[in-house]
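Following: one structure in structure tokens, then a few remarks.
The values are calculated or read from the model by the stated rules, or taken from the named source; none is laboratory data. Because the structure is predicted, anything quoted here is derived from the model rather than measured. Positions of Cβ are backbone-derived with ideal geometry, glycine not excepted, and every protein chain shown enters the neighbour counts.
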Amino acid sequence: MKAKAAAASTPEAASELGPRLRAIRLRRGVGLRELARRLDLSPSSISQIETGKMRPSVRTLYALAAEFGVTVDELLFDGTSSRDEAAPPSAGARGGAEPGLAVQRGGERPAIQLNSGVRWERLMFWGDEDVEFLEATYEPGGASSPDDSFVRHNGHEFGYVLSGTLRVVVGFDEFILEAGDSITFPSTTPHRLSNEGTETVRAVWVVRGRRGPEGPQEPQLTAPAAEPRVLETGARKGKQKE
């Protein structure tokens, strides 16, 4: 209950994503049907996201960011900056005397609820740094990609579980992470994050270098070639998957 109350107090970014996406698309001179073709989506899906009638999935957000050359953080919360256009700090970040110093208050964190049972809250953004710093919430049944598909993209990820039990599959390896556990892995390896329990999962997540040396990479959905193996460490070593 406390987690829900805290989330409700944050500015919702979903209502701003649609108009921001449309503005970027028009500024780049990309038609609705052309964008849908490039992302392998229906024009109606793009239209509904732009009008706020549909929540995008994690995969769709990464695809949109890659297409327009911005980070997911920029697309959701700032939207106009790119590799060549540095964005100023958000309104919630209070600049200090030192360059690069900023504070974002808890009640000012922008948030977005995705259509896959996942909620992202931005913890901080500064300039055009290619870093996404988020608090991710996974409701029971929530996942980063649909069904048993995986996603891969440029970058490297770092995660720390605050509460709940998060299932993370990276390539052929499966990890069951509980509160206090952390993980890091290359985003180029097919991966999937999901909550298969009954308790909401909260985790701090960082993605660095998603643009990559040659610019953004279109996220790819892949299917696992075989059943992943469960790896356990520490006190839970040898614990069987329920």
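For the range 139-153, taking the residues that are touching a strand residue (DSSP E or B) at 6+ places or on another chain (Cβ under 9 Å), at pLDDT below 95 and not small (G, A, S), the one that is nearest to G209 (Cα to Cα) is identified as H153.
The rows are residues; the columns are (1) in contact with a helix residue (DSSP H, G or I) (Cβ under 9 Å, 6 or more places away or on another chain); (2) at pLDDT below 95; (3) surrounded by 20 or more Cβ atoms within 10 Å (Cβ to Cβ).
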{"residue": "E157", "(1), (2), (3)": "no, no, yes"}
{"residue": "L162", "(1), (2), (3)": "no, no, no"}
{"residue": "L166", "(1), (2), (3)": "no, no, yes"}
{"residue": "E178", "(1), (2), (3)": "yes, no, no"}
{"residue": "T184", "(1), (2), (3)": "no, no, no"}
{"residue": "R192", "(1), (2), (3)": "no, yes, yes"}
{"residue": "E196", "(1), (2), (3)": "no, no, no"}
{"residue": "E199", "(1), (2), (3)": "no, no, no"}
{"residue": "V206", "(1), (2), (3)": "no, yes, no"}
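From the list R33, R55, the lone residue that is farther than 25 Å from L193 by Cα, basic (K, R) and at pLDDT 75 or above is R33. Scanning the range 148-167 for residues that are β-branched (V, I, T) and touching a Ser or Thr at 6+ places or on another chain (Cβ under 8 Å) returns V151, V161. So which residues in the range 170-205 are of a type outside the set (G, A, S) and closer than 23 Å to A65 by Cα? Answer for the range 170-205, where residues must be of a type outside the set (G, A, S) and closer than 23 Å to A65 by Cα: V170, T184, F185, P186, T188, T189, P190, H191, R192, L193, V204, W205. Report yes if T137 is assigned to a loop (DSSP other than H, G, I, E, B) and hydroxyl-bearing (S, T, Y), otherwise no. When the stated conditions are applied, T137 does not pass them. For the range 131-148, indicate whether the set of residues that are on the phi < 0 side of the Ramachandran plot and in contact with a Pro (Cβ under 7 Å, 6 or more places away or on another chain) is non-empty. Within the range 131-148 (the criterion being on the phi < 0 side of the Ramachandran plot and in contact with a Pro (Cβ under 7 Å, 6 or more places away or on another chain)), the answer is yes, since at least one residue qualifies.
Take the conditions (1) at pLDDT below 85; (2) within 20 Å of S163 (Cβ to Cβ); G127 misses just one of them, which is (2).
Candidates in the range 96-118 are the residues that are free of Cβ contacts under 8 Å to residues at least 12 places away in the same chain and of a type in the set (A, V, I, L, M, F, W, C); of these, the one that is nearest to S144 (Cα to Cα) is V103. Just one of the listed residues (D173, D130) is over 30 Å from V103 (Cβ atoms) and either touching a strand residue (DSSP E or B) at 6+ places or on another chain (Cβ under 7 Å) or surrounded by fewer than 21 Cβ atoms within 10 Å (Cβ to Cβ) (or both), namely D173.
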